[in-house]
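Beneath this line is the structure, given in structure tokens, with notes to follow.
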Amino acid sequence: MRFDIFTLFPGMFAGVFDDSILQRARAAGRLEIATHNLRAFAYDKHHVCDDTPYGGGGGMVMKVEPIFEAVEKILGADPARRPPLILTTPQGRVFDTAIARAYAQQPHIAILCGHYEGMDERVRALVSDEISIGDYVLTGGEIPAMALVDAIARFIPGIVGDPAAPHQDSHATGLLEYPQYTRPLEFRGMRVPDILLSGHHAQIEQWRRRQALKRTWEQRPDLLARAPLTPMDKNFLRELGWSGET
Ligand code: ADE
């Protein structure tokens, strides 16, 4: 899978893409990431990419021409033959597992990182999607772009060691994940639950399911409305005080 990222700050991406799972995926040829500096596509000799807003008011606005130039040069002039282009902006739809999974089906994705106080509205004619990573405002769209690449890449087969893991993690099942433990058996008075040492796989599965339900009920009860729940799950949740419909 290939990502093309258009940004004013390509240096921000080093480190994140050069380490750990994403670096391994790149080295193995499963993931290709190219960053493109928008400044290189500005017309003037100072490579200016922002300007004051028409109508006055404070702040600076990202100029439209370098963005069109960059996208058309790198992705091609024919919009029908370009990959999806995502604009990272706090005004977009809020990113989640379903969006990450859907984009993981694509062979090629482009991301445009917003910056300054905003972008010339005409940039919207280029983009196919607008995504926010949450209801807060960051200084720019680079960190959101990194979050998108990371979350999408996890759903590409072969990138995460255990192929089932991304589909069992918190959110992927509609619930938060159950608690995990590894050695030592006891640490500062905190012991691993006995059930995990019992060797009874069916009972361990039931315990994990219940822990996932309990944790979701305690931390993110809003998720329960959309989670696929069995009649047994619902009975258990009702014991905890959940009053969802049957
Ligand atoms: N740019 C600034 N804040 C953002 C956010 N929350 N999501 C996506 N892009 C952004």
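The values are calculated or read from the model by the stated rules, or taken from the named source; none is laboratory data. Not measured: the values here are computed from a predicted model. As a convention, Cβ positions derive from the backbone with ideal geometry for all residues, glycine included, and neighbour counts pool all protein chains shown. For the accessible areas, the whole protein counts, side chains as well, though only heavy atoms, and no ligand, DNA or RNA atoms are used. Shrake-Rupley method; radii C 1.70, N 1.55, O 1.52, S 1.80 Å.
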Quiz item: Say the dipole of the chain comes from +1 at the beta carbon of Lys and Arg and -1 at that of Asp and Glu; which of 89, 11, 195 then lies farthest toward its positive end?
Solution: 195
Quiz prompt | Karplus (6.51, -1.76, 1.60) ³J(HN,Hα), θ = phi - 60°, over the range 7-21, in Hz, Gly and Pro reported as x | solution = 8, 8, 10, x, x, 5, 7, 4, x, 5, 8, 9, 9, 6, 5
Self-check item: ³J(HN,Hα), Karplus 6.51/-1.76/1.60, whole Hz, each residue of the range 140-149, x for Gly, Pro
Solution: x, x, 6, 4, x, 5, 5, 4, 4, 4
Practice problem: Give the long-range amide H neighbours of residue 129: residues separated by 5 or more places, or on another chain, with amide H under 5 Å away, using H modelled in the peptide plane at 1.01 Å from N. | Solution: 85, 87
Quiz item: Using a 1.4 Å probe, what is the accessible area per residue for the range 2-153, in Å²?
Solution: 51 Å²
Quiz item: With all protein chains present and a 1.4 Å probe, how do 95, 6 order by accessible area, largest first?
Solution: 95, 6
Quiz item: Could you give the alpha-carbon Rg of the range 2-153 over 2.2 N^0.38 Å, rounded to two decimals?
Solution: 1.02
Quiz item: the chain: longest stretch without exposed GluC sites (Glu not before Pro) (DSSP loop, at most 13 other Cβ within 10 Å), sites themselves excluded?
Solution: 118-244
Exercise. Whenever you get a sec, compute what percent of the accessible area on the chain sits on carbon and sulfur atoms (1.4 Å probe).
Key: 53 percent
Quiz item: Relative contact order, percent, of the chain when contacts are C-alpha pairs under 8 Å separated by at least 6 residues?
Solution: 17 percent
Self-check item: Radius 12 Å from Cβ of residue 217, net charge of other residues (Lys, Arg +1; Asp, Glu -1)
Solution: +2
Quiz item: Using modelled amide H (1.01 Å from N, peptide plane; none on Pro or chain starts), what sits under 5 Å from the amide H of residue 5, excluding residues fewer than 5 places away?
Solution: 34, 35, 36, 111
Quiz item: What list of ³J(HN,Hα) couplings, whole Hz, do you get for the range 84-100 from phi and the Karplus terms 6.51, -1.76, 1.60, once you set θ to phi - 60° and write x for glycine and proline?
Solution: x, 10, 9, 9, 8, 7, x, 8, x, 6, 7, 4, 8, 4, 5, 5, 4
Exercise. Run down the lysines and flag those whose C-alpha is under 27 Å from the C-alpha of residue 73, throwing out any fewer than 8 positions away in its chain.
Key: 45, 63
Practice problem: Please report, in debye to the nearest 20, how large the charge dipole of the range 1-133 is about its Cα centre when each Lys and Arg carries +1 at its beta carbon and each Asp and Glu carries -1 there. | Solution: 480 debye
Quiz prompt | Counted charge near residue 203, where neighbours are those whose Cβ lies closer than 14 Å (Asp, Glu -1; Lys, Arg +1) | solution = +1
Practice problem: Hey, can you find the accessible area per residue of the range 171-240 for me, probe 1.4 Å, expressed in square angstrom? | Solution: 72 Å²
